[in-house]
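The values are calculated or read from the model by the stated rules, or taken from the named source; none is laboratory data. Remember, it's a predicted structure, so these values are computed and weren't measured experimentally. Backbone-built Cβ (ideal geometry, glycine too); neighbour counts: all protein chains shown.
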Amino acid sequence: MMTDIADNEKAARRQKISHVLMWIFLLLMFFCFVFPFFMVIINVFKSKADIVSNPLALVGAHGFTLKNFPEAMKKMKFWTVFTNSFVITCSATVLTILVSSMMAFVIVRNSRWKFCTLIFSLMIASMVIPFQVLMVPLVSVYGGIFNVLNHRLTLILMHVGFSTSMAVFMFHGAIKTNIPLELEEAATIDGCSRWQTWWKVVFPLLKPTIATVGIINAMAYWNDYLLPSLVLTKKNLYTIPIATQAFYGTYSTDIGLVMAALLLAMLPILILYLFLQRYIVEGVTAGGVKG
């Protein structure tokens, strides 16, 4: 009896220790992720001299200043590059979600067709091909042969093409595991076409996956520097990541303007995440209850 009590106390003590260690690890990881954002917040309201002299100070020696924001917006032509980034990101994200969900729906509900299985297998296989392998031939073909570079539509279609495989994979799993076939059969009995069944029955039930795909791809499109820098070489078509290179000089860099540009670039994605994350939470909760 005493041995069992001692063993239970040891097990409880080990559990408490592991719990404490887990929390310490999580707090350290949280600090590592939040620290860069914290540095941007506290330094964006300082002058360049204060940032260089003491970047960890909450307030600089010259006091609180807002001049970095208007200077950064003017130098990078903020509203022009913001509009370009907004149009490209929204268009590519919406197209990716629509095309991928439709394709996944067709593949899942026609799994007996060898053609659908082959297409899905090829799409999964294409995910292992790095973009760096394709970027030079891609730009050479589009720029040299078709002459369609320096167009926002070209960049949008490229984004959609490179993102569809992962999105189809995610929608495929969501449709196959979470949406019963009986719902679609009931919709068909009620007179819905295949298009209406997808749009009115299947698509609304994919909100958690739509939110996840939307956040992942919107962040990737918004923050992408490499592909826009290859496709868009005219200054009036620059996106925000490309425009930030205006703050980097050969011999000096205005850190305050860089911080202001980073904060201005992060805010739209932060707002998008706060808006969509509730759908992800709802999906996880529903999945847990269903399981």
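Taking the criterion of being aliphatic (A, V, I, L, M) and more than 22 Å from the chain's Cα centre (by Cα), the residues of the stretch 19-38 that qualify are 20, 21, 22, 24, 26, 27, 28.
Scanning the stretch 176-209 for residues that are polar (S, T, N, Q) and either in contact (Cβ under 8 Å) with a residue 40 or more places away in the chain or closer than 26 Å to residue 276 by Cβ (or both) returns 177, 178, 196, 197, 209.
When residue 264 is tested against the conditions (1) closer than 20 Å to residue 160 by Cα; (2) out of contact with any Ser or Thr (no Cβ under 8 Å at 6 or more places or on another chain), the lone failure is (1). Under the condition of being more than 25 Å from residue 229 (Cβ to Cβ), aliphatic (A, V, I, L, M) and surrounded by fewer than 19 Cβ atoms within 10 Å (Cβ to Cβ), the residues counted in the stretch 58-98 number 5. Checking 109, 152 one by one, the residue that is closer than 30 Å to residue 236 by Cβ and either of a type in the set (D, E, K, R) or not assigned by TED's automatic domain parsing to the domain that holds residue 224 (or both) is 152 and no other. Tell me whether the stretch 21-37 contains one or more residues that are outside the structural domain of residue 243 (by TED's automatic domain parsing) and in contact (Cβ under 8 Å) with a residue 60 or more places away in the chain. Checked the stretch 21-37: at least one residue is outside the structural domain of residue 243 (by TED's automatic domain parsing) and in contact (Cβ under 8 Å) with a residue 60 or more places away in the chain.
Only one of the numbered conditions (1) under 19 Å from residue 267 (Cα atoms); (2) modelled with pLDDT under 85 is violated by residue 70, and that is (2). For the stretch 174-183, the count of residues that are within 24 Å of residue 120 (Cα to Cα), buried (at least 19 other Cβ atoms within 10 Å of the Cβ) and assigned by TED's automatic domain parsing to the domain that holds residue 93 is nonzero.
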